[in-house]
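Below is the structure I would like to discuss, written out as structure tokens.
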Amino acid sequence: MCCPPWNTDEEFEDDDRGGEMPILKTFCSICNPHSHCGINARVENGRLIEVEGMLEHPANEGTLCVKGAASLQYVYAKNRLKYPMIQRGERGSKNWERISWEEALSVIASRLIEIRDQYGPESVIFFAGYPKWFRPFLQRLAHGFGSPNYATESSVCSSSPTVAGKLTYGYFGRPDLPKTRCLLNWSSNPFYTNSTLTRSLLDLREKGVKFISVDPRLSSFAEKADLHLQLRPGTDGALALGMIRVLIEEKLYDRDFVEKWTLGFDELVDYIEEHPLEWAEKMTGVQKEKIREAARLYGMTKPAALMTSASSTTHHLNGFQNHRAILLLPGLTGNFDIPGGNWVEPITYLYTTSGAPTNEEKIRLVKTLKELPPRIGEDRFPIWCRYYTPEAHSMAIPFQIKSGKPYPLKAFIGFGLNYRMWPGSDFFKESLLSLDFLVNTDLFFTDTCQWMDLVLPAATSFERTELKHWNSKYLMLTSPVINPVEKSRSDLEIIFDMARHLGLENLFWNGNVDAAIDELMAPSNYTAEELRKCPEGTYVRNPLKSGYKKYEKSGFPTPSGKMEITSTILREAGFDALPIYREPRHSSLSKDPSNYPLILNTGSRLPMFIHSEMHNVPWCEELRKDPLLDMNPSDASERDIGPDDWVWLETPRGKIRVKANLTETVLPGVVHMAHGLQEPDVNLLIEPDYLDPISGFPGFKSLRCQVTKVD
Ligand code: SF4
């Protein structure tokens, strides 16, 4: 039997009623865990009919971005997955058959047990893309099954900066925005990627807080900055070292801190003495006077905070060391772990600092790493694997599938898998298709789902119970505000049920989700029952107090106990201990850039999408219909390209057809394209192996390309 995997109901039509209906409390979890906006929902006859921002919620105070405002179109999207489905015949044949949950889970369990018996549990990969809320439980399932290979999308997002912070300070802190007087924002555009911060940032600006923006593009944040350093993509390390030179030359650094608490300052001084500001100007393209001005503004305004992005600085082949160079700035200027600087608060649950301690690690890790075989990527990216949470490295997966070394991989159990996340996405897809068994759980019948053996329909945040922690010391445990669409289910229930079919129910509280939440929240004395009594959420009682300058009590949690300008760990591993600057492999300064003279900068997001999500939602899709390539008018005129002309964007790996958007927001010599589109897929243009040797992060943001007009 063949049936369509998408919703065949008539397209949803907006219904402007509301009024007397009770307001149900929930939140939007479409984007990153630091946002997640409180929502007031209205429901009629079991159908969601209206959403609005929850005024009393500290994350969004009544606002919603376009994605959240389009929640109805998201929940009732035409391509929503409605049933568990199995693909009969060849992958990609579209011969889908609807099956029951019981049958789907039985098929999955029997195939996984078969594969485990034949090849070992490590041959099965458990992968989490977006959303992130169920991750500790998926890792528990992987480890309970015996596989070390729990992998996530964090292999290309946030983990490289996290590890860079660990190697330098042992931990790192977010910018303490309410108390800062100067914000150095290094390549992040929170107006697009973390829109719940927008209001507070604009308020800071109105209060006279100084903004410095470092960004290869004139972003909407950079437009508001006192100073914008528009650097050549991938030269962040050279710029940071140039600023450090000024801080040292002009004695704007914190000498007490440096003497007592740093390792490697003399090596740093030697290096920067050999690298004058003229060098930094040549590398970055930023005038030396501007570098000096930025260093003075950051070094002389106290307190000053550094804001970095989860990936912009590290999506280069030299990104890890570039990021380390940037991270030296708060320590050298005495802005580390102080009010208004970069304040270190403990992560309590899923990347957030809610102040409510949890048993997250205990839930995640039911086996020690010593009890498990080596993870994928441990041989190639040992530092990342050792100093990030114990995950497998997703970027190493296709290479191990191809080589079968150190052991073969046979099955992939995905939750929110998008094969186009990988550089050289065709290479990843091809390697994925060589596996014996492929499953994906998703909200929508995506491009990736087409290639699976089995797909499982997930529920949105409106249809499930979800526990959420916020940095603003706020907690929420939601109840579904509508029944799941058709046969979709909460990811957590799916994981618990997979565990039952694999004989692991004892590890999963015998299917009792509330018991799992009770255990998770035990260190802060909350129970699921208590949290449910506050459907709108609650401020954490007695949140953990962090204090400042914690290193003064027990030193930094690094090998030397100091802030490591020269990293002991990197030195021992054979890498540069000092974050010296090296040009990326695809540099515009290479000897022969003649065929590919431009630099392609990609991997960025637009505010109406989140990576590959929301392109199926009309309100969002209407805001950006064409695949636009931002290009400086001077580069366009050299190529006889006019506004809105269709052009070929080409690298040595291939070419895609895109539309020229002539704009001064990008520098001459640089073109920019946002990521996440299914077609044309910009990741096809990147070599699969174009990876930072330390972090394994792909060089999405600086590779050589050419642009020509389509005839
Ligand atoms: S998508 Fe928009 S509304 Fe939803 S959590 Fe993110 S910022 Fe908030």
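What's the total number of residues in the range 565-608 that are of a type in the set (Phe, Trp, Tyr) and open to solvent by less than 30 Å² (accessible area, probe 1.4 Å)? Working first, answer last.
Step one: of the range 565-608, the residues of a type in the set (Phe, Trp, Tyr) are 575, 581, 596.
From the residues that got through so far, the ones that are open to solvent by less than 30 Å² (accessible area, probe 1.4 Å) too are 581.
Qualifying residue count for the region: 1.
Here's the yes/no breakdown for (1) closer than 17 Å to Ala104 by Cβ; (2) of a type in the set (Phe, Trp, Tyr):
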| position | (1), (2) |
| --- | --- |
| His501 | yes, no |
| Pro523 | no, no |
| Tyr539 | no, yes |
| Asn542 | no, no |
| Lys545 | no, no |
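Please verify whether the range 327-350 includes one or more residues that are assigned to a helix (DSSP H, G or I) and open to solvent by 10 Å² or more (accessible area, probe 1.4 Å).
Scanning the range 327-350, I find no residue that is assigned to a helix (DSSP H, G or I) and open to solvent by 10 Å² or more (accessible area, probe 1.4 Å), so the answer is no.
Consider Gly53 carefully, then state whether it is more than 19 Å from Ser490 (Cβ to Cβ) and touching an Asp or Glu at 6+ places or on another chain (Cβ under 9 Å). Even if it seems obvious, please write down each step before you answer.
Details: more than 19 Å from Ser490 (Cβ to Cβ): yes; touching an Asp or Glu at 6+ places or on another chain (Cβ under 9 Å): yes.
The answer is yes for Gly53.
Quick one: how many residues across the range 40-55 are of a type in the set (S, T, N, Q) and in a strand (DSSP E or B)?
Looking only at that region, the number is 1.
Which one of these does Asp270 not meet: (1) assigned to a helix (DSSP H, G or I); (2) touching a helix residue (DSSP H, G or I) at 6+ places or on another chain (Cβ under 9 Å)?
Result: Asp270 passes all but (2).
Of the residues Leu81, Leu24, Leu72, Leu64, which is open to solvent by 20 Å² or more (accessible area, probe 1.4 Å), under 26 Å from the mean Cα position of the chain (by Cα) and in contact (Cβ under 8 Å) with a residue 12 or more places away in the chain? I'd like the intermediate steps shown before the answer.
Working: Leu81 fails: open to solvent by 20 Å² or more (accessible area, probe 1.4 Å); Leu24 fails: under 26 Å from the mean Cα position of the chain (by Cα); Leu72 fails: open to solvent by 20 Å² or more (accessible area, probe 1.4 Å).
Just a single option satisfies the conditions, and that option is Leu64.
Going by the structure shown, is Glu90 within 16 Å of the ligand (Cβ to nearest atom) and either open to solvent by less than 20 Å² (accessible area, probe 1.4 Å) or out of contact with any Ser or Thr (no Cβ under 7 Å at 6 or more places or on another chain) (or both)?
No.
For the range 447-459, enumerate the residues that are touching a Ser or Thr at 6+ places or on another chain (Cβ under 8 Å) and either more than 30 Å from Gly355 (Cβ to Cβ) or of a type in the set (Ser, Thr, Tyr) (or both).
Val455, Leu456, Pro457
The values are calculated or read from the model by the stated rules, or taken from the named source; none is laboratory data. In this text, all values refer to a predicted model and were calculated from it rather than measured experimentally. Positions of Cβ are backbone-derived with ideal geometry, glycine not excepted, and every protein chain shown enters the neighbour counts. We work out accessible area using only protein heavy atoms, side chains counted, and drop any ligands, DNA or RNA first. Shrake-Rupley method; radii C 1.70, N 1.55, O 1.52, S 1.80 Å.
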